[in-house]
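Comments concern the structure below.
What follows is calculated from the coordinates using simple rules that are stated; it is not laboratory data. Here the structure is a predicted model, which is why all the values come from computation and not from measurement. For neighbour counting, all protein chains shown are included, and Cβ atoms are generated from backbone atoms with ideal geometry for every residue, glycine included.
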């Protein structure tokens with residue numbers, strides 16, 4: 001992971017822990033059981049959260065794949081992230097176009113599985129985005145759809161890597177994967193925040209005791 005843990009990403013991590021991270025047994029999209037869940041939408045559907053996430057993802061893309069032409073994502077988790085990155089790229093004179101990768105072909109209209117502007121075409125480089133990486137199954141299907149259309153996928157970026165084999169699975173096919181946070185980094189951040197909170201509480205008690213003594 002590129003060292004972009006600045007004030008913005010620390011705040012993003014804190015938001016994810018506060019709004020999106022929950023402990024307790026759940027069944028994930030992959031069908032796997034887990035003792036914790038990260039519902040990224042709780043963070044990325046807030047104006048502050050999506051701005052922080054979009055900025056951090058754009059930084060990763062600019063560093064690892066500056067030649068990219070577009071960003072893509074599978075609805076619904078990746079949709080706000082793709083839009084945010086595209087919008088922020090335009091504001092920074094980079095102009096990454098958007099691609100929507102449907103899980104299935106439309107059964108109406110043109111029947112497309114991909115939606116993208118006519119300015120994009122065969123051979124363009126597309127960065128695939130997702131909020132949380134677990135097994136990599138959804139992402140590899142997205143890559144296959146993009147490549148079938150003639151696009152190249154030099155990079156996959158996610159907000160959180162749950163460290164459950166998804167990165168290794170994708171890398172086994174030759175795809176480069178980058179994450180803003182790993183699960184370990186988020187939990188380390190939570191532990192340090194808890195420690196800081198305890199220290200603050202102790203200092204408050206000490207300060208109040210001093211006030212009592214001085215009286």
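Counting other beta carbons within 10 Å of each Cβ, put 177, 158 in order, fewest first.
177, 158
Compute the distance in nm between two label points, each set 7 Å from the Cα along the Cα-to-Cβ direction, one at residue 112 and one at residue 48.
Taking the two extended label points, one gets 3.7 nm.
Once fully extended, how much extra length lies between residue 95 and residue 141, figured as 0.36 nm per residue of separation less the alpha-carbon to alpha-carbon distance?
Numbers: separation 46, 0.36 × 46 = 16.56 nm, distance 2.54 nm.
Taking residue 95 through residue 141 to full extension adds about 14.0 nm, to one decimal.
Going by Cα centres, the range 30-57 and the range 60-125 are how many Å apart?
Each part reduced to its Cα centre gives a spacing of 19 Å.
If you rank 131, 122 by fewest surrounding Cβ atoms within 10 Å, what's the result?
Ascending Cβ contact count within 10 Å gives the list 122, 131.
Which of 138, 43 has the fewest other C-beta atoms within 10 Å, and how do the rest follow up to the most?
Exposure proxy ranking, most exposed first: 138, 43.
Can you give me the three principal axis dimensions of the range 35-167 from its C-alpha atoms, in Å, biggest first?
So the extents along the principal axes, rounded to whole Å, are 39, 35, 26.
Give the calculated FRET efficiency between residue 14 and residue 105 to the nearest 0.05, with a Förster radius of 41 Å applied to their Cβ-Cβ distance. Provide the component values of the computation, followed by the final result.
Working: r = 40 Å, r/R0 = 0.97.
Computed FRET efficiency for residue 14 and residue 105: 0.55.
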